[in-house]
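The values are calculated or read from the model by the stated rules, or taken from the named source; none is laboratory data. All of these numbers come straight from a predicted model, not from anything done at the bench. Because the Cβ atoms are built from the backbone with ideal geometry, glycine has one as well, and the counts that use them run over all protein chains shown. Just so you know, the surface numbers come from the protein's heavy atoms only, side chains and all, with ligands and any DNA or RNA stripped out. Shrake-Rupley method; radii C 1.70, N 1.55, O 1.52, S 1.80 Å.
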Amino acid sequence: DSVFYFSQKFVIDDVIKNGAPTRRLEEIWNARIPKTGDDAQVLNYGTTPQPGGVTAEDGTGVPPWRLTVNFLDNHDLPRFMYEWEDPAALHVALALLLTMDGIPCVYYGTEQDFEGGNDPANREDLWDSGYSTEGATFKWIQQLNYLRRDHEPLRRGDMKVVWSSTNTGTAQDAGILAYERTIPAVGGTPAQTVLVVLNLSATNTAQTSADQSGGGDMVTSFAQGTKLVNLLAEPDPTDDVTVGEGGTVRLTLGPRTAKVFKVR
């Protein structure tokens, strides 16, 4: 059982479209646990086996706040690009959607850059689109889906925010949001961690660093000297990154940029 995460959708809009601080996303994520509890979800069937052999021990095994259905738009709302026709904004929003925890929901036609307004204008006929598989948005979603398929932390990993900012405008870190997704070590299998770094700003080239009082470089869980490689070939290819002292990583990202790193 789950719900559509409507409140998050409007925070995503505010951050990506209106330039609100990325800290707003971290705050709404932190607010989930007190509202839903941290107990793992189970099916309340008692001890009587149900059709298919389901018993009380079955269920998702994770708490409800990790099962929210995340979305950018749907059949009841104007499409993401309505009144904001910016494919770069859509692409970085899709990178967020398909790498954060929860269940991603991509509304049909997004891959065709549909931009309809209020219902029924947001329910365009897909069969009249020609359904190109060569468009930039189609290929971007395809690449993100391949990443999710090939890297379990992006599907099931615990999520820890390692950078968000209260700054906006042209501040050094304005627009930066970064988080790790981790599958813990089990038995002899080592932990797997993927680092997602996004610049959600429309105009600001930003760093994972803040030099003002109390600032410094982003601190990750990786050991000093670890080599990280970016898995996303677009929109901004990058060379390998070497983790600094204390797990610090300083990156510079152009506007509307997404990077996903793993250990080389």
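Listed by chain and number, the lysines placed with their C-alpha closer than 23 angstrom to that of residue 160 are 9, 35, 227, 259, 262; residues fewer than eight positions away on the same chain are left out. Apolar share of the accessible surface for the stretch 92-180: 49 percent from carbon plus sulfur atoms, 1.4 Å probe.
Here the calculated FRET efficiency for residue 123 and residue 252, from their Cβ-Cβ distance with R0 = 41 Å, stands at 0.50, rounded to the nearest 0.05. Using only alpha carbons, the chain has a radius of gyration to Kirkwood radius ratio (Rg to Rh) of 0.99. In deg cm²/dmol, rounded to 500, what helix-only [θ] at 222 nm does the chain give when every DSSP H run of at least 4 residues adds -39500 (n - 2.57) and the total is split over its residues? The helix contribution divided over the chain gives -6000 deg cm²/dmol. On a per residue basis, the chain carries 49 Å² of accessible surface, using protein heavy atoms and a 1.4 Å probe. Sorting 85-93, 182-190 by average packing, meaning the other beta carbons within 10 Å per residue, from highest down gives 85-93, 182-190. Counted over the stretch 108-204 with a bin width of 10 Å, the fraction of Cα pairs per bin, in whole percents, is 14, 26, 29, 25, 6, 0. Contact order for the stretch 184-264, expressed relative to its length and based on alpha carbon pairs under 8 Å spaced 6+ residues apart, stands at 41 percent. Relative contact order of the chain: 16 percent, from C-alpha pairs under 8 Å at least 6 residues apart in sequence.
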